[in-house]
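Nothing in this text is a laboratory measurement; each read-out follows from the coordinates by a stated rule. Computed from a predicted model, the values in this text were never measured in an experiment. Glycine also receives a Cβ, built like all others from the backbone with ideal geometry; neighbour counts cover every protein chain displayed.
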Amino acid sequence: RPVRHGTHTNSAFALGLLLDSAARAGQPQLLAPVEAKIRAWYLPDHGAATRWEPSGQDFLSPLLCEADAVRRVLPGDEFAAWLGRFLPELNHATGPDFLPPPHVADTADPQLGHLLGLCLSRAAALRGIAAALPPGDPRTAALTTAAEANLAAGLPAAVSGDFTTDHWLATFAALALGSGIAD
């Protein structure tokens, strides 16, 4: 069964990264079983709501990790239809109100600092999801706006000079900036 929380062992996040790395590492035998697991676990899902997120220690968005994994295995039109069923509120989202960055009261608190990573992992997933939609899809604007807002909220923490966050946020910043790690 998939692990669906927003921390280390999130299955969708891991499977998405595995698809990306297997292809780049010349391990094509890994692609079919990983794609099959993504399809089996996530294609039946529907009716997700962003109000379920975040929990107090998330550094991954379970909803966006799932959508970002599914975008890797479905063609554009199929993905667009699935996304409409999976995250129906996105069908009516406009501007910065879709997945606004969480407020982090104490960036030096290791648990609250996870929310800074959430901003960056959201930005990466939102950009990947937006890029996978067919040209002209009206949801792209809300996804892109949300990605930029989350990136702006999280990026300064990646170079804050505080070891509590700096030692791991750089990886999430690289993903969010599209360094080629997982795009």
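List, largest first, the extents of the alpha carbons of segment 11-176 along their principal axes, each in whole Å.
Computed over segment 11-176, the largest-to-smallest principal extents equal 41, 39, 25 Å.
Please report, to one decimal in angstroms, the Kirkwood hydrodynamic radius of segment 50-106 built from all distinct Cα-Cα pairs.
12.8 Å
Using the Cα centre of the chain as the reference point, and only Cβ charges (+1 on K/R, -1 on D/E), how large is the resulting charge dipole? Debye, rounded to the nearest 20.
The dipole magnitude comes to about 480 debye.
Please name whichever of LEU83, TRP168, ALA157 sits farthest to the positive end of the charge dipole of the chain, dipole taken about the Cα centre and charges placed at Cβ: Lys and Arg +1, Asp and Glu -1.
Result: LEU83, furthest along the dipole toward the positive end.
Could you give the nm distance between label points at ARG39 and HIS103, where each point is 7 Å from its Cα heading toward the beta carbon?
Each label point lies 7 Å from its Cα, and together they span 4.6 nm.
Be a star and scan segment 82-111 for residues whose amide nitrogen sits under 20 Å from the point 7 Å along the Cα-to-Cβ vector of SER160.
Once the point is set 7 Å along Cα→Cβ of SER160, 100-111 turn out to lie under 20 Å by backbone N, inside segment 82-111.
Can you compute 3J(HN,Hα) from phi for each residue in segment 34-48, using the Karplus curve 6.51 cos²θ - 1.76 cosθ + 1.60 with θ = phi - 60°, rounded to whole Hz and x for Gly and Pro?
3J(HN,Hα) across segment 34-48, in whole Hz: 5, 4, 5, 5, 4, 4, 5, 6, 10, 4, x, 5, 7, x, 5.
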